[in-house]
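Visitor: Quick one: the structure is below, and I'll ask about it shortly.
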Amino acid sequence: MSQVASKLIGGNFLLTDTHPKDVFIPEEFTEEQLMIWQTVHDFCLKELHSLGLERVAQLDASKDMELIKELFHKAAELGLCGVSIPEEYGGMGLDFNTGLLFTEALALGLSFATTIGAQVSIGSLPIVFYGTHEQKQQYLPKIASGEYACSYALTEPGSGSDANSAKTKAVLNDAGTHYLLNGQKMWITNGGFADIFIVFAKIDDDERLSAFIVEKVFGGIEIGKEEKKMGIKASSTVQLFFNNCPIPKENLLGERGKGFNMALNILNNGRIKICAGGVGGMKFGTTKSVEYANQRYQFDKPISDFGAIKYKLGQMAMLAFVNESAAYRVGAEVDKKYKELKDNGATENEAKINSMREYAIECAILKVQGSEAVCWVADEAIQVHGGMGYSMETGVEMAYRDARITKIYEGTNEINRMLSLAEFYKRAFQTKELKINNAMRSVPLGIAKNFNPFSSGFLADESEIVSNLKNAFLIITGSAGRKLKKKLVDEQEIVMNLADIMGVAYMAESALLRIKKLNSDPNSDKEALKIKTKMLQLYIYEALEIARKAADNAIDSYGRGVEKFTMKRVINTLLKSYDINPTKTRREIAEVVIAANKYPF
């Protein structure tokens, strides 16, 4: 892969090599951006953690809606409900990457993070992205101020992942002034106290969805009982029933029949934010675990001295670091694409929509990787605490229950794995946005020479491995495609295997580019760099294991005879052994976490 990336093209990381100078790394956040993080962090500490564990547990158990509303309005007073709304409409107008930083800090807000997260993301962004100037003027200032709480109504009892099969219908009345909305929605976050609903429905007999801005005061809306859920209990979740709900025709959001595309693009935004929130959750889980491990004594020493606990602490910190590297890399790319589109004459709405759409592949990858990592960290945090972790007393069992939903909402992880591949195939073979043929021609040369323009010098072995992970994905994709042709899309197990290779390739590359950029900066903290490099190396060691297993499963599922034997030899050559001591590496990371008594970076 000798071609150097020069354009902001989603998915292009698989086909080109990115120079470290071209990526954003978290160490580059400005003081102003970090002040926003601190404001949100302090709000969560003061308004939630200061309540005491017993009060938080009570909130979690009883769904005290009045307390949720009180917290909601306190957040609004700080401007937290308007972070994604332009300043001209009363919001903070944060760029996308700063919005991700906000989401990371908000993770400290426990279940309440879901309430604010829905307000600033799926609840308001449809109007920000697709609304007319008049719609924005009417609604966004009140959403930003917290006068209006908002929610997003897409899912129905019979339509989840297949959102376009929704049955809710809107019909224009005889006077031509209002749409009459009839149908049912479920799993509506903030629905129990929302003033505004973004509702997706089909107009007349349309095949595709449209979207509407629906106010509760319009009438014809019945709000169901609060759902009894495994986690995120301090978040309102209800069903909605519409019975001839009258919607002014001016409240059609965007174009008729374009609601499904709108929903997908809004979900892209939510997917990457799940990873950013997951990063906050991983750091929180790491900190809670090491605090307990340092003060819990067994056999006359703290349990943080034991290798089994160091394994968990080192792994937690590594996952937080790698996911952080990837999330803010993509966030910055979205911001750059937005500027590029604006400079080329796109309207504000077009630039926001298309900059987000561009990185649909990466957003799906990050949703999967971030959610699975934060669930692992939450589970192991309970394990570090032992019996105390299973008790409500320490609070980590709540984090475990809250984390589990991240693998389901914004599209299940299975759907997101398949979506990442489907989007890649579409761009590579249908729209031709991704020049896969050029990359495929260079793959044999790369295998023969292990050629990578950035593989000499610092982290040469790691650079070669990242290149080989991408080459392995391309080779198996090509081989499976030739063998199965159009049937490949129906072989979901193989598709998910390929998605796993793609995912770890992106995560490993993101961490690698971060370390290389830090290494080239004479002002970077060299001691911190040593440990961050260890985190990269540990991740690469594990990424190879994941990729080897996924590759074997895929090849064994479609390959036969000589072809299968040849493919396995090629992949074994590419994904060869990486010579590090994983136990020593993981312990070195853990010892820094133990000394800091928290996630250290």
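The values are calculated or read from the model by the stated rules, or taken from the named source; none is laboratory data. This is a predicted model, so every value here is computed, not measured. Please note: Cβ atoms are built from the backbone with ideal geometry, for glycine as well, and neighbour counts cover all protein chains shown.
Visitor: Count, please, the residues in region 190-214 that happen to be surrounded by 17 or more Cβ atoms within 10 Å (Cβ to Cβ) and under 15 Å from Leu180 (Cβ atoms).
Guide: Summing the residues that are surrounded by 17 or more Cβ atoms within 10 Å (Cβ to Cβ) and under 15 Å from Leu180 (Cβ atoms) in region 190-214 gives 7.
So that you can scan it fast, the table gives a plain yes or no per residue for (1) hydrophobic (A, V, I, L, M, F, W, C); (2) without any contact (Cβ under 8 Å) to a residue 24 or more places away in the chain; (3) over 21 Å from Ala595 (Cα atoms); (4) surrounded by fewer than 24 Cβ atoms within 10 Å (Cβ to Cβ):
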| residue | (1), (2), (3), (4) |
| --- | --- |
| Pro302 | no, yes, no, yes |
| Asn323 | no, no, yes, no |
| Ala346 | yes, yes, yes, yes |
| Ile365 | yes, no, yes, no |
| Ser371 | no, no, yes, no |
| Cys375 | yes, no, yes, yes |
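Visitor: Just name the residue that is modelled with the highest pLDDT out of those in region 18-62 that are among the aromatic types (Phe, Trp, Tyr) and part of a helix (DSSP H, G or I).
Guide: Quick first cut of region 18-62, residues among the aromatic types (Phe, Trp, Tyr) only: 24, 29, 37, 43.
Next, from what is left, pick out any that are part of a helix (DSSP H, G or I): 37, 43.
Working: Trp37: 96, Phe43: 93.
My answer is Trp37.
Visitor: Go through region 131-163 and count every residue that is in contact with a Gly (Cβ under 7 Å, 6 or more places away or on another chain), within 16 Å of Phe212 (Cα to Cα) and of a type in the set (S, T, N, Q).
Guide: Counting residues in region 131-163 that are in contact with a Gly (Cβ under 7 Å, 6 or more places away or on another chain), within 16 Å of Phe212 (Cα to Cα) and of a type in the set (S, T, N, Q) gives 1.
Visitor: Look through Lys485, Lys530, Lys526, Lys435 and report the one residue that is at pLDDT 95 or above and more than 25 Å from the chain's Cα centre (by Cα). Give the steps one after another, and end with the answer.
Guide: Details: Lys485 fails: at pLDDT 95 or above; Lys526 fails: at pLDDT 95 or above; Lys435 fails: at pLDDT 95 or above.
Step by step, each of Lys485, Lys530, Lys526, Lys435 is checked, and only Lys530 is at pLDDT 95 or above and more than 25 Å from the chain's Cα centre (by Cα).
Visitor: Given the criteria closer than 26 Å to Ile309 by Cα and β-branched (Val, Ile, Thr), does Ile571 qualify?
Guide: Values: closer than 26 Å to Ile309 by Cα: no; β-branched (Val, Ile, Thr): yes.
So Ile571 fails the test.
Visitor: Also, quick follow-up: Of everything in region 471-511 that's part of a helix (DSSP H, G or I) and acidic (Asp, Glu), which residue is farthest from Val368 (Cα to Cα)? Reasoning before the result, please.
Guide: The first filter runs over region 471-511 and keeps only residues part of a helix (DSSP H, G or I), leaving 471-490, 492-511.
When the remaining residues are screened for being acidic (Asp, Glu), the result is 490, 493, 500, 509.
Details: Asp490: 20, Glu493: 16, Asp500: 9, Glu509: 16 Å.
Of everything passing the filter in region 471-511, Asp490 is farthest from Val368 (Cα to Cα).
Visitor: Could you look through region 74-95, keep only residues that are within 16 Å of Lys136 (Cβ to Cβ) and of a type in the set (Asp, Glu), and pick out the one that is nearest to the chain's Cα centre (by Cα)?
Guide: Glu87
Visitor: If you check every pair at least six apart or on different chains, which have Cβ atoms under 8 Å apart with a residue in region 123-134 that is without any contact (Cβ under 8 Å) to a residue 24 or more places away in the chain first and a residue that is crowded, with 22+ Cβ neighbours inside 10 Å and hydrophobic (A, V, I, L, M, F, W, C) second?
Guide: Once the first residue is without any contact (Cβ under 8 Å) to a residue 24 or more places away in the chain and sits in region 123-134, no partner that is crowded, with 22+ Cβ neighbours inside 10 Å and hydrophobic (A, V, I, L, M, F, W, C) comes close enough.
Visitor: Run down Gly331, Gly345 and say which single residue is touching a Phe, Trp or Tyr at 6+ places or on another chain (Cβ under 9 Å) and either small (Gly, Ala, Ser) or on the phi < 0 side of the Ramachandran plot (or both). Reasoning before the result, please.
Guide: Values: Gly345 fails: touching a Phe, Trp or Tyr at 6+ places or on another chain (Cβ under 9 Å).
Of Gly331, Gly345, the one residue that is touching a Phe, Trp or Tyr at 6+ places or on another chain (Cβ under 9 Å) and either small (Gly, Ala, Ser) or on the phi < 0 side of the Ramachandran plot (or both) is Gly331.
Visitor: For region 496-554, what are the residues that are within 21 Å of Asp22 (Cβ to Cβ), hydroxyl-bearing (Ser, Thr, Tyr) and touching a Pro at 6+ places or on another chain (Cβ under 7 Å)?
Guide: Ser520
Visitor: Quick test for you: out of Gly146, Gly131, pick the one residue that is of a type in the set (Gly, Ala, Ser), touching a Phe, Trp or Tyr at 6+ places or on another chain (Cβ under 8 Å), surrounded by fewer than 24 Cβ atoms within 10 Å (Cβ to Cβ) and within 17 Å of Ile353 (Cβ to Cβ).
Guide: On the way: Gly146 fails: within 17 Å of Ile353 (Cβ to Cβ).
Going through Gly146, Gly131 in turn, just one is of a type in the set (Gly, Ala, Ser), touching a Phe, Trp or Tyr at 6+ places or on another chain (Cβ under 8 Å), surrounded by fewer than 24 Cβ atoms within 10 Å (Cβ to Cβ) and within 17 Å of Ile353 (Cβ to Cβ): Gly131.
Visitor: Return the pairs, sorted by first residue and then second, in which the second residue is among the β-branched types (Val, Ile, Thr) and outside any helix (DSSP H, G or I), the first residue lies in region 404-428 and is assigned by TED's automatic domain parsing to the domain that holds Ser371, the beta carbons are less than 7 Å apart, and the residues are 6+ apart or on different chains.
Guide: Matching pairs, first to second residue: Ile405/Ile232.
Visitor: Taking the conditions exactly as written (in contact (Cβ under 8 Å) with a residue 24 or more places away in the chain and in a helix (DSSP H, G or I)), does Ala351 satisfy them or not? Walk me through it before giving the result.
Guide: Details: in contact (Cβ under 8 Å) with a residue 24 or more places away in the chain: no; in a helix (DSSP H, G or I): yes.
No; evaluated as a whole, the condition is false for this residue.
Visitor: Let me ask something additional. Specify the residue that is modelled with the lowest pLDDT; the eligible residues are those in region 1-15 that are surrounded by 21 or more Cβ atoms within 10 Å (Cβ to Cβ) and part of a loop (DSSP other than H, G, I, E, B).
Guide: Within region 1-15, the match that is modelled with the lowest pLDDT is Met1.
Visitor: I would also like to ask the following. Does Thr585 satisfy the criteria of being of a type outside the set (Lys, Arg), in a helix (DSSP H, G or I) and at pLDDT 95 or above? Show your work before the answer.
Guide: Numbers: of a type outside the set (Lys, Arg): yes; in a helix (DSSP H, G or I): yes; at pLDDT 95 or above: yes.
Criteria met by Thr585.
Visitor: Could you list, in sequence order, the residues of region 382-418 that are polar (S, T, N, Q), more than 22 Å from the chain's Cα centre (by Cα) and either farther than 27 Å from Lys273 by Cα or not in a helix (DSSP H, G or I) (or both)? Spell out the reasoning first.
Guide: At the first step, the residues of region 382-418 found to be polar (S, T, N, Q) are 383, 391, 394, 406, 412-413, 416.
With more than 22 Å from the chain's Cα centre (by Cα) added as a condition, the list becomes 383, 391, 394.
Passing the criteria: Ser391, Thr394.
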